[in-house]
1. Under 6 Å between Cβ atoms, which residue pairs at least 6 apart in sequence (or on different chains) link something in segment 175-192 that is over 18 Å from Gly225 (Cα atoms) with a partner that is in a helix (DSSP H, G or I) and modelled with pLDDT of 90 or more?
2. Taking the options Ile105, Ile95, Ile126, Ile112, name whichever one is away from the ligand (no atom under 16 Å from the Cβ), within 30 Å of Gly148 (Cβ to Cβ) and not in a helix (DSSP H, G or I).
3. Among the residues of segment 56-87 satisfying the criterion of being in a helix (DSSP H, G or I) and farther than 20 Å from Thr114 by Cβ, which is farthest from the ligand (Cβ to nearest atom)?
4. Within segment 25-50, take every residue that is of a type in the set (Ser, Thr, Tyr) and surrounded by 13 or more Cβ atoms within 10 Å (Cβ to Cβ) and give me the one that is farthest from the chain's Cα centre (by Cα).
5. Which of the numbered conditions does Phe22 fail, given that it passes all the others? Conditions: (1) surrounded by 14 or more Cβ atoms within 10 Å (Cβ to Cβ); (2) touching a Leu at 6+ places or on another chain (Cβ under 8 Å); (3) free of Cβ contacts under 8 Å to residues at least 60 places away in the same chain.
6. Picking from Leu89, Leu140, which residue would you name as being under 25 Å from Ile11 (Cβ atoms), crowded, with 21+ Cβ neighbours inside 10 Å and not acidic (Asp, Glu)?
7. Given (1) part of a helix (DSSP H, G or I); (2) surrounded by 13 or more Cβ atoms within 10 Å (Cβ to Cβ); (3) within 16 Å of the ligand (Cβ to nearest atom), identify the lone condition not met by Arg53.
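The values are calculated or read from the model by the stated rules, or taken from the named source; none is laboratory data. Just so we're clear, the structure is a prediction, and the values are computed from it rather than from any experiment. Note: ideal-geometry Cβ built from the backbone for every residue, glycine included; neighbour counts use all protein chains shown.
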Amino acid sequence: MDFITAYIYSIVFILGATIGSFLNVCIYRIPAGLSIVKPRSRCGSCERRLTARDLVPILSWVLLKGKCRTCGSKISIRYPLVEALEGLLFVLVFIRFGLAMMTPIMWLFSAIMTVVFFIDLDHQIIPNKVVLFGLVVGILPALYAWFGEGGYPFYFTERLFEPLLGLAVPFLLMLFMALFSVVLFKRSGLGMGDVKIYAVIGLFLGWGYALLSIWIAFFLGGLFGIVWIFVLKRPKEAMIPFAPFIVIGSMVAMLYGYDILTVIYR
Ligand SMILES: [Zn+2]
């Protein structure tokens, strides 16, 4: 890697980490029903308003050794981890799509998915607000597909209704599986949030790559379930949130789906 490439990647990483810092606010405040813009961030213990030097992504946490500057109470390592994760995702998206409109669109998608991952992990819900936001900005990939140069890489044809297929097909498949599991096992392994978020994923990834992400999610979720019950000897009844697997599946399908499909259909 030459100097210029390393420099560009660093800038992209810092951009992603900064967005990640905002996503931390979303992850904490949206399930609590709080505004994501006001008030400014405060320490959870001493209520001191955080200043610019407390809010530098990753670095502030490291320099403060994970403690509040004023009261010394512990700040979760989750905050710098989410920031670093988003920075990494931004770099991976940039490597995959380069200097194209696809890059900011997929940055946006990765940000929504990061929020879904951690809110579901914490509360076993995907808030309707997040789904709604995803559906609204999901018009961007559709617009790009219809009017952009060179077509949308996740759509298989140039037909006008590809975004509609993306909106409907993965959603209906998930809905069918959720209902099926209720009938068959008398309980639902899938929540309605898991079903609804697939309308958003389908808009961004198109129906084909969204289906691939469902496959990856169930594969990883099943693998985790086996480890959970047989290796860790944890109770079968425990609720394992499923959205994190959906998010990992979507990120893998977005970044490496083309390579996976090429291997399968070679
Ligand atoms: Zn404090």
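1. Leu175/Val195
2. On the way: Ile105 fails: not in a helix (DSSP H, G or I); Ile95 fails: not in a helix (DSSP H, G or I); Ile112 fails: not in a helix (DSSP H, G or I).
Exactly one of Ile105, Ile95, Ile126, Ile112 is away from the ligand (no atom under 16 Å from the Cβ), within 30 Å of Gly148 (Cβ to Cβ) and not in a helix (DSSP H, G or I), namely Ile126.
3. Applying the first criterion (in a helix (DSSP H, G or I)) to segment 56-87 yields 59-63, 78-87.
Subset that is farther than 20 Å from Thr114 by Cβ: 62-63.
Values: Val62: 17, Leu63: 15 Å.
If we take residues in segment 56-87 being in a helix (DSSP H, G or I) and farther than 20 Å from Thr114 by Cβ, then Val62 is farthest from the ligand (Cβ to nearest atom).
4. Going through segment 25-50, the residues of a type in the set (Ser, Thr, Tyr) turn out to be 28, 35, 41, 45.
From what is left, the residues that are surrounded by 13 or more Cβ atoms within 10 Å (Cβ to Cβ) are 28, 41, 45.
Values: Tyr28: 15, Ser41: 23, Ser45: 29 Å.
The selected residue is Ser45.
5. (2)
6. On the way: Leu140 fails: crowded, with 21+ Cβ neighbours inside 10 Å.
Of the residues listed, the single one that is under 25 Å from Ile11 (Cβ atoms), crowded, with 21+ Cβ neighbours inside 10 Å and not acidic (Asp, Glu) is Leu89.
7. It is condition (2) that Arg53 fails.
The rows are residues; the columns are (1) buried (at least 23 other Cβ atoms within 10 Å of the Cβ); (2) in contact (Cβ under 8 Å) with a residue 12 or more places away in the chain.
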site	(1), (2)
Ala100	no, no
Thr103	no, no
Leu108	no, yes
Ile112	yes, yes
Phe117	yes, yes
Asp120	yes, yes
His123	no, yes
Pro127	no, yes
Val131	no, yes
